[in-house]
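The values are calculated or read from the model by the stated rules, or taken from the named source; none is laboratory data. Here the structure is a predicted model, which means the values were calculated and not measured. Cβ: placed from backbone, ideal geometry, glycine included. Neighbour counts: every protein chain shown.
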Amino acid sequence: MSDANEAEVQAMARKVSKEVPAAGAPGRRAILIVKYCRGRLGGSAWELTVVQRARAAGREVIVIDGDEVSKTMRTYYPTGSPGAALVPDGSDVAAFKELMLEQMTLMAADGKARVVDVSGGSRDLDDVLAELDLPVFCQDYGIDLLVVAMLGENREDFNHVVKAIEAGFVRPENLLLVLNHGVLGKKNPEAAFLPITDDQRYKDLVACGARVMHMPNLPVLDKMRAARVDGYATAASAKMPDGSFQPIWQNMAKRWLTTMEQEFADAGITDLLP
């Protein structure tokens, strides 16, 4: 890594560390982040970025991977590795529910941030939300709750979230709507998202406290994930763990993370994130 790149990344880490107090610091509440959206909308990528962001700044975050389809978190953080993802003992709903109930009990005591990945559109999370009533549980135990709903241009993506609101699984004040440019291809985001952002139900959710952010397109995201590289490590150095040299990945990752940081700030969630 060149001296210039090292200084730039260190400056970014100091900025993030300064903005977000460490877990357990006075006035810092634990946060539970759960993904609630249909599949293939970039939810795992968003959560992975948040985990890498926290760990790049030296903050602890516990990862729970109940996504039996993509298995992103357990692949990035396999059993036996530092910060390994917690995985249910089985692939059924009961195993996932047992792990969630166990971790919620621990979270009420240890105050450590947790990020939960689960299969898009899965009924597993519906069952857990209905049984545990996470909004009330988190409120009672001083835990911040952020439910992340990724959106593409398909109105069914949004309808899926609205049904959760109507069922009482999710509350608007705990909701983060993420408009993902990366699933639009070459379409203009402003026009592509209009059927959703012009929907009165969307406007009502925002008026009731739902936060909104945009997730910019990262053209090399799929290649980076296939190589299992860390976004922040890639932004810091063009030299990959396998010894290859990827200056394009580094340049794109730096610009993407800078934009994401601004989106976090604009959505008002910088102080909430792990």
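A few comments on the model shown:
- Boolean, LYS223 is more than 23 Å from VAL162 (Cβ to Cβ), surrounded by fewer than 15 Cβ atoms within 10 Å (Cβ to Cβ) and either touching a helix residue (DSSP H, G or I) at 6+ places or on another chain (Cβ under 8 Å) or at pLDDT below 95 (or both): yes
- Residues of the range 74-93 that are farther than 15 Å from VAL115 by Cα and either outside any helix (DSSP H, G or I) or of a type in the set (Lys, Arg) (or both): PRO78, THR79, GLY80, SER81, PRO82, ASP89, GLY90, SER91, ASP92.
- Residues satisfying the stated conditions in the range 160-196, i.e. in contact with a Lys or Arg (Cβ under 8 Å, 6 or more places away or on another chain), closer than 20 Å to MET260 by Cα and not in a strand (DSSP E or B): VAL183
- Checking each residue in the range 211-235 for being of a type in the set (D, E, K, R) and either over 25 Å from ASP266 (Cβ atoms) or part of a helix (DSSP H, G or I) (or both) picks out ASP222, LYS223, ARG225, ARG228.
- The residues of the range 57-81 that are in contact (Cβ under 8 Å) with a residue 40 or more places away in the chain, under 19 Å from LEU106 (Cβ atoms), crowded, with 18+ Cβ neighbours inside 10 Å and out of contact with any Pro (no Cβ under 7 Å at 6 or more places or on another chain), listed by number, are ILE62, VAL63, ILE64, ASP65, MET73.
- Residues considered: ALA265, ALA238. Of these, the only one that is closer than 17 Å to VAL212 by Cα and either of a type in the set (A, V, I, L, M) or over 17 Å from the mean Cα position of the chain (by Cα) (or both) is ALA265.
- Taking every residue in the range 200-225 that is within 22 Å of GLU47 (Cα to Cα) and pairing it with any residue that is hydroxyl-bearing (Ser, Thr, Tyr), at least 6 positions away or on another chain, the pairs with Cβ-Cβ distances below 8 Å are PRO216/THR259; MET224/THR234; ARG225/THR72.
- Some residue of the range 139-149 being under 30 Å from LYS223 (Cβ atoms) and either in contact with a Gly (Cβ under 7 Å, 6 or more places away or on another chain) or free of Cβ contacts under 8 Å to residues at least 12 places away in the same chain (or both): yes
- Matching residues in the range 31-56 - criterion: being buried (at least 20 other Cβ atoms within 10 Å of the Cβ) and over 13 Å from the mean Cα position of the chain (by Cα): ARG38, ALA56
- Scanning the range 236-249 for residues that are part of a helix (DSSP H, G or I) and free of Cβ contacts under 8 Å to residues at least 60 places away in the same chain yields PRO247, ILE248, TRP249.
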